[in-house]
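Colleague: Quick one: this structure, given as structure tokens, is what I'll be asking you about.
The values are calculated or read from the model by the stated rules, or taken from the named source; none is laboratory data. These numbers were taken from a predicted model, which means no experiment stands behind them. Neighbour counts are summed over all protein chains in view; Cβ atoms, including those assigned to glycine, are modelled from backbone coordinates with ideal geometry.
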Ligand SMILES: [Zn+2]
């Protein structure tokens, strides 16, 4: 039988969104080339917009930032766009409190999928609109620690935490995120449950989605549940993480020693996005450090070869991200794994280390 003469028409001139597999390959390639810039805080950006109870969907939902992806998607889209324009390579979805555990506090436990899916699609739209072949932009699904932790607050079981993250992951991945950011984590046990929950979701979806684990080290030098960065690293070292790191809690100054410790241990990439210093009610953003201060600290981290992904947490505005992006521009990413061991071995044999 002869082949039909007319082949399907190929649309050549419209920008075709990349497939998830192509985007993942592009993300890994970009991480080899440079330090990727993560966006600034969603929570403080939302606070800076004058929103009323009606914007959140009524008085009982006021303060539920995640619900805004359904009630005021325009506001969230502008925040995404502002961070992209400031120089962010990766933007985070508005889903920090997107598990059933947190949404149940607003009676929204039945909207977990809807909210996470919509949030991922909003960020995807903003990222795709700004992506070019040379500079693709990526979407990270934000997954906060929730309001209950297994060993600090109690009131929740390991299995419940695991199931909550499975559910959130499905919404985020089907909505189009490139990577999951398990962030501001405060308890190693919760981290383990969350990682298992993510694995369950990926198995159900038949997809593999990279994960970044980012914990909060408090001023006392440990996570809220008492583990140091070493203890945390040891307990998750077996897992294949796209990156591991720290965010929130304190500013970059307090983070420096823990970052060096993690750098000595981690055989994967490091992600770092501190708050803009400590809370300061007198400052406009509510935090101590301005854009240039943050740029100086993160620029130093980059020159020290300590980071692969960097941005800002609470109190970091688009201006902060713009200054950070400028400071990181042209700095090589941290070396890790085999590449780093080989170099450190060479230096040792030359007696330089
Ligand atoms: Zn924060």
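Colleague: Based on what the data block shows, is residue 140 at pLDDT 95 or above and surrounded by fewer than 23 Cβ atoms within 10 Å (Cβ to Cβ)?
Modeller: On the way: at pLDDT 95 or above: yes; surrounded by fewer than 23 Cβ atoms within 10 Å (Cβ to Cβ): no.
Considered against the rule, which asks whether it is at pLDDT 95 or above and surrounded by fewer than 23 Cβ atoms within 10 Å (Cβ to Cβ), residue 140 comes out as no.
Colleague: If I go through region 48-70 residue by residue, how many of them are without any contact (Cβ under 8 Å) to a residue 40 or more places away in the chain and assigned to a helix (DSSP H, G or I)?
Modeller: So the answer is 7.
Colleague: While we're on this one: Report yes if some residue within region 224-233 is in contact with a helix residue (DSSP H, G or I) (Cβ under 6 Å, 6 or more places away or on another chain) and within 13 Å of the ligand (Cβ to nearest atom); otherwise report no.
Modeller: No, the conditions are met nowhere in region 224-233.
Colleague: I'd like to check something: does region 144-156 contain any residue that is on the phi < 0 side of the Ramachandran plot, outside any strand (DSSP E or B) and under 17 Å from the mean Cα position of the chain (by Cα)?
Modeller: So the first thing to find is which residues in region 144-156 are on the phi < 0 side of the Ramachandran plot, and the list is 144-145, 147-153, 156.
This time we only want the ones that are outside any strand (DSSP E or B), so: 144-145, 147-153, 156.
Next, from what is left, pick out any that are under 17 Å from the mean Cα position of the chain (by Cα): 144-145.
So far as region 144-156 goes, yes, one or more of its residues are on the phi < 0 side of the Ramachandran plot, outside any strand (DSSP E or B) and under 17 Å from the mean Cα position of the chain (by Cα).
Colleague: Taking only region 234-249 into account, find how many residues are within 16 Å of residue 306 (Cβ to Cβ) and within 16 Å of the ligand (Cβ to nearest atom).
Modeller: Looking only at that region, the number is 3.
Colleague: Kindly provide the set of residues from region 248-267 that are in contact with a helix residue (DSSP H, G or I) (Cβ under 9 Å, 6 or more places away or on another chain) and under 22 Å from residue 141 (Cα atoms), ordered by number.
Modeller: 249
Colleague: In region 301-326, which residues are more than 21 Å from the chain's Cα centre (by Cα) and not in a loop (DSSP other than H, G, I, E, B)? Give the derivation first.
Modeller: As a first pass, look at region 301-326 and keep what is more than 21 Å from the chain's Cα centre (by Cα): 303-304.
The one that is more than 21 Å from the chain's Cα centre (by Cα) and not in a loop (DSSP other than H, G, I, E, B): 303.
Here is a yes/no grid of residues against (1) more than 30 Å from residue 175 (Cα to Cα); (2) out of contact with any helix residue (DSSP H, G or I) (no Cβ under 9 Å at 6 or more places or on another chain); (3) modelled with pLDDT under 95:
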| residue | (1), (2), (3) |
| --- | --- |
| 197 | no, no, no |
| 203 | no, yes, no |
| 215 | no, no, no |
| 221 | yes, no, yes |
| 270 | no, no, no |
| 279 | yes, yes, yes |
| 294 | yes, no, no |
| 301 | yes, no, no |
| 307 | no, no, no |
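Colleague: Still on this structure, please answer the following. Can you tell me which condition residue 44 does not meet? The list is (1) part of a helix (DSSP H, G or I); (2) in contact with a helix residue (DSSP H, G or I) (Cβ under 6 Å, 6 or more places away or on another chain); (3) farther than 19 Å from residue 176 by Cβ, and all the others hold.
Modeller: Tallying (1) part of a helix (DSSP H, G or I); (2) in contact with a helix residue (DSSP H, G or I) (Cβ under 6 Å, 6 or more places away or on another chain); (3) farther than 19 Å from residue 176 by Cβ, residue 44 fails exactly one: (2).
Colleague: Scanning region 71-118 for residues that are in contact with a strand residue (DSSP E or B) (Cβ under 8 Å, 6 or more places away or on another chain) and in a helix (DSSP H, G or I), which turns out nearest to residue 142 (Cα to Cα)?
Modeller: The extreme case among them is 116.
Colleague: Can you tell me which residue in region 165-188 is nearest to residue 309 (Cα to Cα), limited to those that are in a strand (DSSP E or B) and within 16 Å of the ligand (Cβ to nearest atom)?
Modeller: Looking at the filtered set, the residue picked out is 181.
Colleague: Return the pairs, sorted by first residue and then second, in which the second residue is in a helix (DSSP H, G or I) and within 14 Å of the ligand (Cβ to nearest atom), the first residue lies in region 312-331 and is more than 13 Å from residue 276 (Cβ to Cβ), the beta carbons are less than 9 Å apart, and the residues are 6+ apart or on different chains.
Modeller: 327/294
Colleague: Let me ask something additional. Restricted to region 30-48, and to residues that are buried (at least 18 other Cβ atoms within 10 Å of the Cβ) and under 16 Å from residue 81 (Cβ atoms), which residue is nearest to the ligand (Cβ to nearest atom)?
Modeller: Residue satisfying both the conditions and the ranking: 41.
Colleague: Please state which of the following conditions residue 236 fails to meet, knowing it meets all the rest: (1) in contact with a helix residue (DSSP H, G or I) (Cβ under 9 Å, 6 or more places away or on another chain); (2) more than 27 Å from residue 209 (Cβ to Cβ).
Modeller: Exception for residue 236: condition (2).
Colleague: Can you tell me which of 161, 173 is closer than 19 Å to residue 69 by Cβ and surrounded by 17 or more Cβ atoms within 10 Å (Cβ to Cβ)?
Modeller: 173
Colleague: Give the residue that is surrounded by the most Cβ atoms within 10 Å (Cβ to Cβ), with candidates limited to residues of region 260-286 that are touching a residue at least 40 places away in the same chain (Cβ under 8 Å) and within 16 Å of the ligand (Cβ to nearest atom).
Modeller: Here the residue is 273.
Colleague: Restricting to region 49-74, give me the number of residues that are loosely packed, with under 13 Cβ neighbours inside 10 Å and within 22 Å of residue 126 (Cβ to Cβ).
Modeller: 2
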